[in-house]
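Read the structure below first, then the notes.
The values are calculated or read from the model by the stated rules, or taken from the named source; none is laboratory data. Please read all numbers here as calculations on a predicted model, not as lab measurements. Remember, those area values only see protein heavy atoms, side chains included, never the ligands or the DNA or RNA. Shrake-Rupley method; radii C 1.70, N 1.55, O 1.52, S 1.80 Å.
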Amino acid sequence: MASRGTVRASLNFNATTDAEVLYKAMKGLGTNEEAILQLLVARSNTQRQDIKHAYKTLFGKDLVDNLKGELGGKFETLIVAMMTAPLAYDVSLLRNAIKGAGTDEKVLVEILASRTPEQVKEIVAAYRKEYDDDLEEDISGDTSGHFKRLLVILLQANRQTGVQADIIESDAQTLFKAGEQKFGTDEQTFVTILGNRSAEHLRKVFDAYMKLSGFEMEETIKRETSGGLQDLLLAVVKCARSVPAYFAETLYYAMKGAGTDDNTLIRAMVTRSEVDLLDVRTEFRKLFACSLFSMIKGDTGGDFRKALLLLCGGDDA
């Protein structure tokens with residue numbers, strides 16, 4: 001499958017040369033941030049891992065530690081994220097979301113709703129290897145209720161595949177009876193169906209549900225649920241419809257209004273940069289009255305802005 005990312009591997013790549021360029025950019029007085037960000041955004045994540053290795057071989061130092069020592073703030077957070085392998089990055093995000101002060105539900109929702117079942121299996125295994133802990137136990141100990149149950153279902157990474165034509169109609173009716181038609185909501189039904197069916201199947205269920213009830217699935221979820229469960233159900237529904245559209249919305253709301261949610265902005269830009277950021281940009285332009293590029297430009301500053309705009313890879317004016 002051709003990548004729909006904005007970041008691609010550099011063709012005439014030499015890890016040793018790159019390591020030397022970065023060393024020079026950080027050596028002596030002042031750091032050449034421009035040189036660092038220009039180089040790193042023009043390399044794939046795999047190539048960045050090779051550069052890290054070459055850097056240690058040449059200079060006996062850890063490149064990421066050196067970068068942390070030279071850079072600061074949001075720009076440092078972004079560059080360190082770009083230097084982390086995607087699986088390790090997801091694992092560290094989840095760990096920090098659980099082990100930090102309070103639980104960062106936003107991170108749990110975003111990662112577990114948007115990653116493929118294969119990716120979730122890899123995350124669970126890598127988490128165990130890295131921390132000698134069980135991700136499901138850690139999440140269970142930190143969350144509760146139907147929110148916890150749906151996270152646990154998603155962690156099983158056992159979604160059915162394909163469309164089960166014979167149950168589309170009954171799924172739609174079951175959801176209708178559990179929500180709109182019931183006094184009080186049967187959340188468990190939403191959790192089970194939305195957590196276990198394939199994206200293709202769910203899209204057909206949403207259409208059948210619309211015909212049956214006159215409501216989009218998202219409208220019902222907003223009316224019938226609240227809090228973390230609502231956020232997670234909405235994320236699951238949106239990702240079933242379109243993962244790029246889900247991330248376009250995520251990015252928009254990270255920047256809209258007073259103050260920017262820099263952590264979400266960094267997470268979404270870095271994790272999608274080699275996956276589907278071109279599609280995210282297209283969806284962003286469709287959904288909102290501006291381009292992703294112009295919104296980043298208006299909402300950020302300095303080297304942080306330069307790096308994000310390079311990651312974005314172009315304007316869809």
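Largest first, the residues Val270, Val124 sort by 1.4 Å accessible area into Val124, Val270. Counting heavy atoms of the protein chains alone, Ser3 has an accessible area of about 50 Å² for a 1.4 Å probe.
The phi torsions of segment 29-43, fed into the Karplus equation with coefficients 6.51, -1.76 and 1.60 and a -60° offset, translate into couplings of 7, x, 10, 8, 4, 4, 4, 5, 6, 4, 5, 5, 6, 8, 10 Hz, rounded to whole numbers, with Gly and Pro shown as x. For segment 256-268, putting each phi into the Karplus relation 6.51 cos²θ - 1.76 cosθ + 1.60 with θ = phi - 60° gives couplings of 6, x, 6, x, 10, 7, 4, 4, 5, 4, 4, 4, 5 Hz, in residue order, rounded to whole numbers and with x for Gly and Pro. Centroid-to-centroid, using Cα positions, segment 80-131 and segment 134-211 are 22 Å apart. At full extension, Tyr23 and Gln164 could sit 45.2 nm farther apart than now, given 0.36 nm per residue minus the alpha carbon distance. Surface composition of segment 1-84: carbon plus sulfur atoms contribute 51% of the solvent-accessible area (1.4 Å probe, protein chains only, all chains present). Scattering from the chain was approximated by placing one identical point on each alpha carbon and applying the Debye formula without solvent; log10 I(q)/I(0) at 0.11 1/Å stands at -0.75. Spatial offset of segment 17-67 relative to segment 245-272 amounts to 27 Å, using the alpha carbon center of each. Helix content alone sets the calculated 222 nm mean residue ellipticity of the chain: runs of n ≥ 4 DSSP H residues at -39500 (n - 2.57) each, divided across all residues, give -22000 deg cm²/dmol. For segment 151-164, the Karplus equation 6.51 cos²θ - 1.76 cosθ + 1.60, evaluated at θ = phi - 60°, returns couplings of 4, 5, 4, 5, 5, 5, 6, 10, 3, 5, 10, x, 9, 9 Hz by residue, with Gly and Pro reported as x.
In the distance distribution for segment 80-159, Cα-Cα pairs more than 21 Å apart total 18 percent. Val120 contributes about 0 Å² of solvent-accessible surface, heavy atoms of the protein only, 1.4 Å probe. Mean-square fluctuations from a GNM of the chain, with a 10 angstrom spring cutoff on Cα atoms, peak among Glu180, Glu283, Glu105 at Glu180.
In the chain, the longest principal axis of the Cα atoms and the axis of helix 168-178 are about 80 degrees apart.
State the three equivalent ellipsoid semi-axes of segment 112-245, derived from the C-alpha gyration tensor as the square roots of 5 times its eigenvalues, in descending order and whole Å.
Values: eigenvalues 144, 57, 27 Å².
The equivalent ellipsoid of segment 112-245 has semi-axes of 27, 17, 12 Å.
Axis of helix 15-26 versus longest Cα principal axis of the chain: the two differ by about 80°, to the nearest ten degrees.
Tell me, what is the percent relative contact order of the chain, built from C-alpha pairs under 8 Å that lie six or more residues apart? Write out the running numbers ahead of the final one.
On the way: 372 pairs, mean separation 63.2, N = 317.
About 20 percent, as a whole number.
Helix 277-287 versus the longest principal axis of the chain: what is the Cα-based angle in degrees, 0 to 90, to the nearest 10? Here the helix axis deviates by roughly 50 degrees.
Amide H contacts under 5 Å for Asn14: none, restricted to partners 5 or more places along the chain or on a different chain, H placed in the peptide plane at 1.01 Å from N.
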